[in-house]
Amino acid sequence: MAKSKFEYVRQFEVEDKCLPNCWIVVRVDGKGFHRFSEVHHFMKPNDDRSLKLMTKAADCVMEEFKDIILAYGQSDEYSFVFRRNTTVYNRRASKMMTNIASLFASSYVFYWPRYFGTQMMQYPPAFDARTVLYPTDKNLRDYLSWRQADCHINNLYNTCFWKLIEDKGLTPAQAQDRLKGTMSSDKNELLFSELNINYNHLPELYRKGTILIRDKDNQDLEKSLSSTGSSSSGSQGSYRVPSSRSRPNIISLNEDLIGDQFWENHPEILNP
Ligand code: ATP
Ligand code: ATP
Ligand code: MG
Ligand code: MG
Ligand code: MG
Ligand code: MG
C-alpha cells in the first residue's frame with residue numbers, strides 16, 4: 001500500500017514495550033468509587049453485589065486474555081498477572097492496559113443487572129489502569145501480598161468505622177476520631193469487647209479479597225486434547241471426548257496468599 005505524506009507522524013509514537021522476562025502486572029482501579037458506592041447505595045463496609053460484579057468482570061478479562069495466570073481483587077481494584085514470557089500485543093504496555101481497562105469497565109456495566117437487579121446504574125463508571133513490571137518471583141509475591149495486606153488493613157478500619165456509626169450512633173467525624181492513632185490490635189479489641197464482633201469470623205471474601213486462577217486439571221485436559229488432535233467440540237474418533245465446558249475454567253479463592261501455603265498448593269503459577 002502506498003504511503004501517504006502524512007504517514008511520518010507515526011514516528012511520534014513512543015515505544016512502550018515491557019522488558020523481557022519480567023512479570024507483567026496490570027492493575028485496574030475504579031475512578032471515584034467512594035462517590036460511586038454512595039450514589040449506588042452500596043452496603044458498608046462491603047457490598048457483596050459489587051465485589052461479585054468486579055470478579056465477574058475480572059473473569060471476562062481472563063477469558064479474553066489467556067496469558068493471565070492469576071488475578072487478585074479487592075474493593076474497587078483488580079490486578080492481573082501475565083505469564084513471564086507473554087508475547088500478547090508484543091508486550092506493549094499501553095495496548096495491554098487499555099484493552100484490559102476497557103474490557104473490565106464494559107463487563108462491569110454489561111453484567112450490572114445480574115448483580116444489582118432492577119437498580120439502575122446512575123452514570124457510567126470508569127477504571128484507571130497501570131502496568132508494572134516485577135523482575136523476580138519475590139517481587140511479584142510481595143506485590144500481591146501488599147495488595148492483600150491493604151485489603152485487610154482497610155477492611156479492619158472500615159468494619160470498626162461503620163460499626164461505630166451503626167451500633168454506637170457515632171457521627172462519621174466521631175468514628176474517625178475514635179480510630180485515630182489506633183493499632184490493629186486496638187481495633188481487634190474494640191470490635192471484640194465493644195462491638196461484639198470476632199474479626200476472624202468475618203467472611204474471607206472481605207478479609208482476604210478474591211484470587212482467580214486457572215483450573216490446572218482442566219488445562220491439562222485441554223492440552224492433552226489439543227495434542228492428540230481432538231477438540232472439546234469435535235465428535236469424530238472412536239471415543240467420546242470429555243467436555244471441558246462442564247467445569248469452570250477459572251476458579252475463585254478467598255484465602256491467604258501472603259504465606260507459603262498458597263504457593264505450595266499451586267506451584268505451577270510461578271513455575272509453569
Ligand atoms: P480513585 O479514583 O482515586 O481511585 P476512589 O474514590 O475510587 O478514588 P479508592 O481508594 O479506590 O478511592 O477507594 C475505593 C472506595 O470505594 C472505597 O473506599 C469504598 O468507599 C468504595 N467501595 C469500593 N468497593 C466497595 C464495595 N464493594 N462495598 C462498599 N464500598 C466500596
Ligand atoms: P484491532 O483490535 O487490531 O483494532 P480491528 O478488527 O478493530 O482490530 P481496525 O483496524 O481497528 O481492526 O479496523 C476496524 C474494523 O471494524 C474496520 O476494518 C471495519 O471492518 C469495522 N468497522 C468499524 N467501524 C465500522 C462501521 N462504523 N461500519 C462498518 N464497519 C466498521
Ligand atoms: Mg486510585
Ligand atoms: Mg478507586
Ligand atoms: Mg481502590
Ligand atoms: Mg480496532
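General remarks:
- No other residue among K52, K17, K44 is open to solvent by 80 Å² or more (accessible area, probe 1.4 Å), under 20 Å from Y115 (Cα atoms) and touching a helix residue (DSSP H, G or I) at 6+ places or on another chain (Cβ under 6 Å) apart from K52.
- Listing of helices (runs of 4 or more DSSP H) fully contained in the range 109-201 that carry 2 or more residues being within 30 Å of T86 (Cα to Cα) and without any contact (Cβ under 8 Å) to a residue 12 or more places away in the chain: 137-166
- Exclusive hit being open to solvent by 40 Å² or more (accessible area, probe 1.4 Å) and either under 30 Å from R178 (Cα atoms) or of a type in the set (G, A, S) (or both), set N139, N158: N158
- Of all residues in the range 63-82, those satisfying the criterion of being free of Cβ contacts under 8 Å to residues at least 60 places away in the same chain, away from ligand 1 (no atom under 16 Å from the Cβ) and over 18 Å from L133 (Cβ atoms) are E64, K66.
- Taken together, the residues in the range 2-59 that are touching a Ser or Thr at 6+ places or on another chain (Cβ under 6 Å), of a type in the set (K, R) and more than 16 Å from ligand 3 (Cβ to nearest atom) amount to 0.
- For the range 189-224, taking the residues that are polar (S, T, N, Q) and open to solvent by 60 Å² or more (accessible area, probe 1.4 Å), the one that is nearest to N271 (Cα to Cα) is identified as Q219.
- N85, sole failed condition from (1) in contact (Cβ under 8 Å) with a residue 24 or more places away in the chain; (2) within 15 Å of the chain's Cα centre (by Cα); (3) farther than 30 Å from I165 by Cα; (4) open to solvent by 60 Å² or more (accessible area, probe 1.4 Å): (2)
- Contact map, the range 45-62: first residue over 15 Å from S107 (Cβ atoms), second residue of a type in the set (S, T, N, Q) and open to solvent by less than 40 Å² (accessible area, probe 1.4 Å), Cβ cut-off under 7 Å, separation 6 or more or different chains; pairs are P45/N155; P45/T159; D47/S37.
The values are calculated or read from the model by the stated rules, or taken from the named source; none is laboratory data. Values in this document were obtained by computation on a predicted structure and should not be read as measured data. Here Cβ is always computed from backbone atoms with ideal geometry, including for glycine, and neighbour counts include all displayed protein chains. Side chains included, ligands, DNA and RNA excluded: accessible areas come from the protein's heavy atoms. Shrake-Rupley method; radii C 1.70, N 1.55, O 1.52, S 1.80 Å.
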